[in-house]
1. Rounded to whole Å, give me the distance from the Cα center of the stretch B:409-460 to that of the stretch B:144-191.
2. Which lysines does residue A:258 reach when only Cα atoms under 24 Å apart count, and residues fewer than 8 places away in its own chain are ignored?
3. Once amide H atoms are placed 1.01 Å from N in the peptide plane, what residues at a sequence separation of 5 or more from residue B:18, or on another chain, have their amide H within under 5 Å of its amide H?
4. Relative to the longest principal Cα axis of chain B, at what angle does helix B:355-365 sit, 0 to 90 degrees, rounded to 10?
5. Can you give me the relative contact order of the stretch A:297-365 as a percent, contacts being Cα pairs under 8 Å and 6 or more apart?
6. If you build the convex hull over the alpha carbons only and average its shadow over all orientations, what do you get for the protein assembly as shown? Give it in nm² to one decimal.
7. Roughly how big is the A-B contact, given as buried accessible area in Å² (both sides, 1.4 Å probe, nearest 100)?
8. Which of the trypsin sites (Lys or Arg not before Pro) across the stretch B:199-252 are loop residues per DSSP, with 15 or fewer other Cβ within 10 Å?
Number of protein chains: 2
Amino acid sequence: MPRSQSANRQIKLGAVLFGVGGPGDHDSWRNPEIPGDASVDIDWYIARARQAEAAKFDLVFIVDSQFITPDSPPHYLNRLEPLTLMSALAVSTTNIGLVGTLTTSYNTPFNLARRLASVDLISRGRAGWNVVATGDGGTAANYSRDEHYDYESRYARALECVRVVQGLWDSYEDDAFPRDRETGQFVDPSRQHKLNHKGRFFQVQGPLNIVRSRQGQPVIFQAGDSDEGRDLGAAIGEGIFTHAPTLEAGVAFARDIKARAAAKGRNPDHVLIQPGVRPWIADTDAEAIEAERYERLHKDFGKTLAQFGRPFGWHDFSQYDLDAPFPELGDLGNDSFKTQADRIKAVAKERNLTLRQAVTFFSEQHRSPFVGSPLTVANTIEEWFRAGAFDGLNITVTIPSEFAKFTDQVLPILRERGLVRAEYESDTLRGNLGLPVPENRWTQARRATDEAVRDTLVEA
Amino acid sequence: MPRSQSANRQIKLGAVLFGVGGPGDHDSWRNPEIPGDASVDIDWYIARARQAEAAKFDLVFIVDSQFITPDSPPHYLNRLEPLTLMSALAVSTTNIGLVGTLTTSYNTPFNLARRLASVDLISRGRAGWNVVATGDGGTAANYSRDEHYDYESRYARALECVRVVQGLWDSYEDDAFPRDRETGQFVDPSRQHKLNHKGRFFQVQGPLNIVRSRQGQPVIFQAGDSDEGRDLGAAIGEGIFTHAPTLEAGVAFARDIKARAAAKGRNPDHVLIQPGVRPWIADTDAEAIEAERYERLHKDFGKTLAQFGRPFGWHDFSQYDLDAPFPELGDLGNDSFKTQADRIKAVAKERNLTLRQAVTFFSEQHRSPFVGSPLTVANTIEEWFRAGAFDGLNITVTIPSEFAKFTDQVLPILRERGLVRAEYESDTLRGNLGLPVPENRWTQARRATDEAVRDTLVEA
């Protein structure tokens, strides 16, 4: 291993809390283990977060979406909002990180900065923000806009928004509040700073009316597979949520992101690649393979077809002949999940697929590569990790007993091998992820000035 | 008493959690009982909310502001954000209501609806929203606006925003989710509704992706003393937060608001008047009077003068001669707290006051009328309540032992007289406040149609 840090690095673990089921999962809610209203039941979330915390996970991850129709998957239809959910989990746990998805397209940076900073203080340094720019174009109609932002401005806006939020987070230096009961000095005015940002999308004066937490700033997560998405992740992401269909694809993605980050002057060790994974675990490999196969083959094709329409703005594909050549879709998808939509169109054309074949092809892309006995799954995870396919895994959590198989049967094997932690190293999210606490920019600037002055004096 | 309900009505109680001190309170943070960082310490808030819940309070109340300078009062400088704070308190309490201040000027209705509904579910029906339109004009610069909204459009926007939020809250009827594990039906599409709002300020399609709680919708609170403010309160307010300097002023205000509400076709019993109060309690009347007087006379005049500038957009009054006639201010304050600013200008002119006299005059207006021994304070509260000056009181909570004097010494007297509850009647906020659960508008519309059809059949 070329890097000294890599010798004793461990796999970071996230638990993606999906309530009644994640994307494409239309049936988990029928499992008697899950309350039918799990996605709006705070007790369900608290129990899962504590289950993950007992297993020493780094974080829970809350995904999001805001545009629904009656045909949306169960978890989309009716769910708790991430920010309020994170805050409730903050006082219900002690060490685990809390990462929530919030869009830069339909929130203002001052509100984002303030609410995320508040969760960071309430959790005493355990908040993370999954930055998204919103793919569902229909969301625009819920926010007084005729049209969704176009692709380019959505990403430019996201980058500017994150920079403004991070700037606001530094409004107070860490020594801003002497709170001297004797002299009566509560605040040191020289340690409160306006941002005075004037940019393409936002003009924000500041200061923000809240201090930094013990971890300095919430941790920034991002997911995005397009060229623009990868650049944004390389620029701002400290954790990258992704999908790795194969070991090779995982390695290629991780290398690409880390190279882009290094090119931007960042330390690639501080950009953690974390694919989402739903492991299938049973006593034997054969049982696990059969269970995964059974669920996959018994999916309702109509619902899979409806989900297939999402990258194209929830386009209704049931209007086409399934066995005719893949339909001509023109620009459809450009205002939604463009990269996914473009890839589907290209593959369907290149391979000359029918609609049915295309749907099946892309469903197969989402088959879990982590299927087998606890030992097999642990071995696969170790192999991928050592090959550099990821820094951590985000485990899909829907059915509690399925999650327990991972925590109680797979993790002990990995722990034995030193690949996952036995105890938390820290009670902040940055501390557990091995990420540095960012120094306040104003403190840093003053320190730099002071050093320059001192150097001048020494030379003189 | 003319109304049957009034015979056994009780005083509603709110606890206004002020951390290191409310408006104009620059010194409480020096009290050794209060952690210097109380305003950002979730444990302080949880302890106070539980103290209020143990005393069977109806609700805790979280005020807010977003524009600061280095001279802002301590609690303003650095505080938890209301929405995230409410959610953390929701899982830390069981019966008490949670009312948070959120502005309609710098939030979008979809985000407001979703986040408040989420807190309402997390608390299992205990959320309330204090609707404000933002008085501090400087806030605009934090939200990419050159200027604050003018007075008229701020109030019109607030009304439209609340109506949109309430419309979104009804997106799902209460029977929308059959979740039939046998048939596989999760949602009943006929019970999910778009709002399709197209108004002056907002265009919002919906549906919102979250169900109603057990109380139907969060309770709407409002504060506003101007003609526009009173009309808004009478239109939307189920609780009205106000200031009552004297019994007579309280009675006049309550009568006015209830008359305005009745004129709008609302039941005046469902508009609860709740002045904010800081009681001064000691073993004897003389001790209490002396304690209140001591604190008042030892206020730092410079800080009182800075606070005096708030209605005028935090105008700096230290530039004027204190003993010269009150300065000519022109339109100053029109974009901030206009009603307060206009009143100050008018009174200063009418009474020919110097600046110093004006500052003192308006400070006196905020002297607490509830000063004395526990028995005296209980008697005063009973007198005001029976005269119709309020339906409830919002007690300022900063110093825990001061609050304990109210809960442990005054409340038992009022409880003995049947004027406050001994046990919660309900575990929802509406239940405890005696407010009805609003029927879902779509359910109501269908019921009305069904009844009309049935009547036609009966007649035929």
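The values are calculated or read from the model by the stated rules, or taken from the named source; none is laboratory data. This structure is a prediction, so every number in the text was calculated from the model and none was measured. We place every Cβ from the backbone using ideal geometry, glycine too, and count neighbours over all the protein chains shown. What goes into the accessible areas is simple: the full protein's heavy atoms, side chains included, and nothing from ligands, DNA or RNA. Shrake-Rupley method; radii C 1.70, N 1.55, O 1.52, S 1.80 Å.
1. Each part reduced to its Cα centre gives a spacing of 21 Å.
2. Straight-distance partners of residue A:258: A:12, A:338.
3. B:397
4. With both axes taken from Cα atoms, the answer is about 50 degrees.
5. Once normalised by length, the contact order is 32 percent.
6. Orientation-averaged projected area of the Cα hull: 45.4 nm².
7. Using a 1.4 Å probe on protein heavy atoms, the buried area is about 6200 Å².
8. Passing sites in the stretch B:199-252 are B:200.
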